[in-house]
Ligand SMILES: Cc1ncc(COP(=O)(O)O)c(C=O)c1O
């Protein structure tokens, strides 16, 4: 039932993990940054171990003059097999991370003062990337196409997050077709961040934006979210528009950095051999997203939560709790670290983001502690019966 042990985590093991999620906020349950609590897929560990055993961490024997690694070939094979998206590896550019790819495109292909449409609330680095590059955020507050159409007159680009962080929305074929039509009418460049593509729950389906607007879309993706290897820093871009590719070629190659051997080996192994692990992870997360709805209904009925179509992130509307703009501060006092809603833009005021990629027992403990009243906390007991997990 649980061949990879997703439901067998203990708090002692989690607290001993050196990564940021559990280490940074000592004493709090870590339900914030978008890492899963599970160990990496065994196929990834084997690939890394194999290279260590070979005693060779030197420059790899990669074929492409641009420094591309075999992981980019596997990405293309997988794009076709899984998403019906046929792409040429010759138009793939590897980078260190997805946000770097987004910033490269913004920097090279838009100008200071250009408007960039983003569905808000938004993954915070989208907002920083626009600001830091002196572009102008053009926020769109619903997934309604009419809103994007109205915004498009003020924009040069659409920075799309599909599946969407933090709401978990998966764009439908109709929405993607509509976005492609709007981009065509208003001559928009589309930057599609599809890092959560493999974390979609049935009956929803991920459809690459590039299927709908191939000549306008730069897709940025990675194995890091679905296979839980974000620390290895490997991502790639598929560049649809010829003019964007030409612009990439016009700047020195080393401005893009060079990818890390470990990150590339891990992505290759995950994409080639990790589907059994991924299917089990998605099945577990599917149960977790519904368990969270039950737990909130029982312990925190004031919190509004729409079960996400994708991702392991829950966008919690806490406004009825009266905890102010940043409810995560109150939850931290109760012993749980969530992501701060206001970091996702002003539309996140009164919200917090909860990461449910953990075991069912840890999730029970998280919600139990979140529902602890301040008085209970100071007396060391929770309003709801604790789970007893250590
Ligand atoms: C939508 C989205 N894009 C990008 C990233 C980060 O990717 P990277 O670490 O490769 O920059 C995340 C991480 O949570 C994310 O949710």
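Coordinate-derived values only; no laboratory data. Keep in mind that what you see is a predicted model, and the values were worked out from it rather than measured. Heads up, the Cβs are rebuilt from the backbone with ideal geometry, glycines too, and the neighbour counts pull from every protein chain shown.
Computed from the C-alpha gyration tensor, the three semi-axes of the ellipsoid equivalent to the range 42-102 are 24, 16, 12 Å, from longest to shortest.
Mean residue ellipticity at 222 nm, helices only, the chain: -11500 deg cm²/dmol; runs of at least 4 DSSP H residues each add -39,500 (n - 2.57), and the sum is divided by the number of residues. Taking packing as the residue-averaged number of other Cβ atoms within 10 angstrom, the listed peptides 4-14, 200-210 run from highest to lowest as 200-210, 4-14. Share of pairwise Cα-Cα distances greater than 16 Å in the range 230-356 is 74 percent (whole percent). For helix 70-83, what angle does its Cα long axis make with the longest principal axis of the chain, in degrees from 0 to 90 and rounded to 10? For 70-83 against the chain, the angle is about 70 degrees.
Taken over the Cα atoms of the range 321-373, the convex hull encloses 70 Å³ per residue.
Shape index of the range 288-364: Rg/Rh, with Rg the Cα radius of gyration and Rh the Kirkwood radius from the inverse mean 1/r over Cα pairs, equals 0.93. If you wrap the tightest convex hull around every Cα atom of the range 96-215 and split its volume per residue, you get 99 Å³. Translational diffusion coefficient of the range 89-137 at 25 °C, 0.890 mPa s, Stokes-Einstein with Kirkwood Rh over Cα pairs, in µm²/s as a whole number. Rounded, D is 213 µm²/s.
For residue 132 and residue 286, a Förster radius of 56 Å and the Cβ-Cβ distance give a FRET efficiency of 0.95, rounded to the nearest 0.05. Could you work out, for the range 45-273, what percent of all Cα-Cα pairs fall into each 5 Å distance bin, beginning at 0 Å and stopping at the bin that holds the largest distance? Spelled out bin by bin, the range 45-273 gives 1, 7, 15, 19, 20, 16, 11, 6, 3, 1, 0, 0 percent. Counting only DSSP beta bridges with both residues in the range 45-273, the antiparallel share comes to about 35 percent.
Over all pairs of different C-alpha atoms in the range 11-58, the reciprocal of the mean inverse distance, the Kirkwood hydrodynamic radius, equals 12.7 Å.
Each peptide in 293-305, 344-356, 246-258 was scored by the mean count of other Cβ atoms within 10 Å over its residues; highest first, the order is 344-356, 293-305, 246-258.
Geometric descriptor of the range 192-265, per residue, is 91 Å³ (volume of the convex hull of the Cα atoms). Tell me, rounded to the nearest percent, the portion of alpha carbon pairs in the chain spaced more than 27 Å apart. That fraction is 50 percent. Using only alpha carbons, the range 1-137 has a radius of gyration to Kirkwood radius ratio (Rg to Rh) of 1.03. Please determine, in degrees from 0 to 90 and to the nearest 10, the orientation of helix 42-53 with respect to the longest principal axis defined by the Cα atoms of the chain, where the helix direction is its Cα long axis. Helix 42-53 and the main axis of the chain meet at about 60 degrees.
The order of 219, 306, 174, going from fewest to most other C-beta atoms within 10 Å of their C-beta, is 174, 306, 219.
Distances longer than 13 Å among the Cα atoms of the range 138-203: what percent of all pairs is that? I get 63 percent for the Cα pairs in the range 138-203 exceeding 13 Å.
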